[in-house]
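Visitor: Attaching a single structure in structure tokens format; questions to follow.
The values are calculated or read from the model by the stated rules, or taken from the named source; none is laboratory data. The model shown is predicted, which means the values in this text are computed figures rather than measured ones. Virtual Cβ from ideal backbone geometry, glycine too; neighbours counted across all protein chains shown. These area figures cover heavy atoms from the full protein model, side chains too; ligands, DNA and RNA do not enter into them. Shrake-Rupley method; radii C 1.70, N 1.55, O 1.52, S 1.80 Å.
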Amino acid sequence: MEDAHKMRSVEDYRKMAKKILPEPCWNIYDYPGPNRQTASDSIYAFKRYRFRPRVLTNVSRRRLATTVLGQPVSIPIGISPTANHVFASQDAEIATAKGAAAAGAVMIQSTFSYKRIKDVTASSPGGLRWMQAYIFRDRRITEHLVREAEAAGYKAIVVIIDSPVPGLDSEISRDFARLSEEMNRYPHMDIGQPEMQAAKKAGIPGIVKYNLGQYDDSLTWEDIGWIRSISSLPIVCKGILTAEAARQAADAGVKGILVSAHGGRQLDGVPAPIDALAEVVEAVRGRNVEVYMDGGVRTGADVLKALARGAKAVFVGRPILWGLACKGHAGVQHVLEILRTELEYAMALCGCQDVNTVPPDVVVHETFYHYNPKHKL
């Protein structure tokens, strides 16, 4: 694999993955929404936040270990749920899980995985994993998924709440159609129901139509109560960007909130998650709800900014797929290790000793320096 040994940054992995992946696979991974507004701004938004480093604070020992929902992890960096890992590697989610376990990171497995939960578990039994779930129109699919995750020792259910309808446009649908039928199959969607068996007889168009038809635009917060009723696992809501939704989630009894804009692939024009993070954190302060963030994270410095803004942990999506495409499970592990190294370096330079106690004032919005009446001219 040409130049694969030279990977030193997440950006290096992005460039190499673009060379390696077939065009339709790259297009599906990279799809940023119709206008690219949220996807682009989610990356750029981190530049709007500036460090205010503390100096001479003795950073000779720096702690990166933390917990998520009470489970220990080596780093406050996890893997967001992303579909179609098979586009990057035939080992798909098995390789991703191995890389996550080797780095000591939590992995959220997607409903739209190529590999079954039981096979992922068997490949890396010591890893910490959560399961992503949609509350589908056919609740049998969701309930079956939750039961399998529980049986396999997964520690949380991550419910997607920002997708009452599918967000992919016709251009991406054409890219899916260019792939083999095997690569369009998701085993967790097939629980032997007659409707799926009929869809499979129609080939790729039938399978895609059936899967897209499972999005349920009638969902309400009462449906979070339903999923809590079928599982004893803690529930994390992914896709929250406002204080109002955060308070509703807390009222519904969730234990975690993942501030996320779905990579810009759903509603293009929503804010960058790092911009929305602080209001969500403030809205559930004292409610025993952990807040995480994903979207636009490309460096360890980005991670530190999110931690300072109140995130308990930060998740990454596309960079993991790039690592998987370039080096399989070793690439996944290396992407996480790059972010870990960069995070630890940024902590030292900012005078931070522990990811669990990052001072909020070590990071400020750039407007702090543009105008502040307390500043003397």
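Visitor: Exactly one condition in (1) among the charged types (D, E, K, R); (2) open to solvent by 30 Å² or more (accessible area, probe 1.4 Å); (3) not in a loop (DSSP other than H, G, I, E, B) is not met by Asp302; state its number.
Guide: The failed condition is (2).
Visitor: Quick test for you: out of Ser260, Ser173, pick the one residue that is in contact (Cβ under 8 Å) with a residue 60 or more places away in the chain, within 30 Å of Pro22 (Cα to Cα), surrounded by 14 or more Cβ atoms within 10 Å (Cβ to Cβ) and among the polar types (S, T, N, Q).
Guide: On the way: Ser173 fails: in contact (Cβ under 8 Å) with a residue 60 or more places away in the chain.
After ruling out the rest, the residue left standing is Ser260.
Visitor: Something else now. Select from the stretch 224-244 the residues that are open to solvent by 20 Å² or more (accessible area, probe 1.4 Å) and part of a helix (DSSP H, G or I) and write down the one among them that is farthest from Trp130 (Cα to Cα).
Guide: Step by step, filter the stretch 224-244, then rank; the result is Glu244.
Visitor: Listed residues Ile161, Ile108, Ile94; which is over 28 Å from Asp217 (Cα atoms) and in contact (Cβ under 8 Å) with a residue 12 or more places away in the chain?
Guide: Testing whether each residue is over 28 Å from Asp217 (Cα atoms) and in contact (Cβ under 8 Å) with a residue 12 or more places away in the chain leaves just Ile94.
Visitor: Are any residues in the stretch 178-223 of a type in the set (D, E, K, R) and open to solvent by 60 Å² or more (accessible area, probe 1.4 Å), and if so, which ones?
Guide: Selection gives Arg178, Glu181, Glu182, Arg185, Glu195, Lys201, Lys209, Asp217, Glu222.
Visitor: Continuing with this model, one more query. Going residue by residue through the stretch 57-66, is there one that turns out to be touching a Lys or Arg at 6+ places or on another chain (Cβ under 9 Å) and part of a strand (DSSP E or B)?
Guide: yes
Visitor: I've got another one for you. Looking at this structure, is Arg14 outside any helix (DSSP H, G or I), within 30 Å of Val364 (Cα to Cα) and modelled with pLDDT of 95 or more? Write out each step before concluding.
Guide: Details: outside any helix (DSSP H, G or I): no; within 30 Å of Val364 (Cα to Cα): yes; modelled with pLDDT of 95 or more: yes.
Criteria not met by Arg14.
Visitor: List pairs: first residue in the stretch 59-80 and over 17 Å from Gln353 (Cβ atoms), second residue of a type in the set (Asp, Glu) anywhere in the structure, Cβ distance under 7 angstrom, at least six positions apart or on different chains.
Guide: As it stands, the answer is Val68/Glu290; Leu69/Glu290; Ser80/Asp294, since those pairs meet every condition given.
Visitor: Just to be sure before I move on: is Gly296 farther than 29 Å from Ile172 by Cβ, in contact with a helix residue (DSSP H, G or I) (Cβ under 6 Å, 6 or more places away or on another chain), in a loop (DSSP other than H, G, I, E, B) and touching a residue at least 24 places away in the same chain (Cβ under 8 Å) in the structure I sent?
Guide: Details: farther than 29 Å from Ile172 by Cβ: no; in contact with a helix residue (DSSP H, G or I) (Cβ under 6 Å, 6 or more places away or on another chain): yes; in a loop (DSSP other than H, G, I, E, B): yes; touching a residue at least 24 places away in the same chain (Cβ under 8 Å): yes.
No; evaluated as a whole, the condition is false for this residue.
Visitor: Same structure, new question: Within the stretch 17-55, work out how many residues are hydrophobic (A, V, I, L, M, F, W, C) and open to solvent by 40 Å² or more (accessible area, probe 1.4 Å).
Guide: 4
Visitor: Show the residue pairs meeting these rules: Cβ distance below 6 Å; 6+ apart or different chains; first residue within the stretch 36-47 and free of Cβ contacts under 8 Å to residues at least 40 places away in the same chain; second residue in a helix (DSSP H, G or I) and open to solvent by less than 10 Å² (accessible area, probe 1.4 Å).
Guide: none
Visitor: To continue, here is another question. Considering only the stretch 27-35, I want to know if a residue exists there that is under 19 Å from the mean Cα position of the chain (by Cα), hydrophobic (A, V, I, L, M, F, W, C) and not in a strand (DSSP E or B).
Guide: yes
Visitor: Give the residues of the stretch 245-293 that are farther than 13 Å from Thr38 by Cα, among the β-branched types (Val, Ile, Thr) and not in a loop (DSSP other than H, G, I, E, B), sorted by residue number.
Guide: Correct list: Ile257, Val259, Val280, Val281, Val291.
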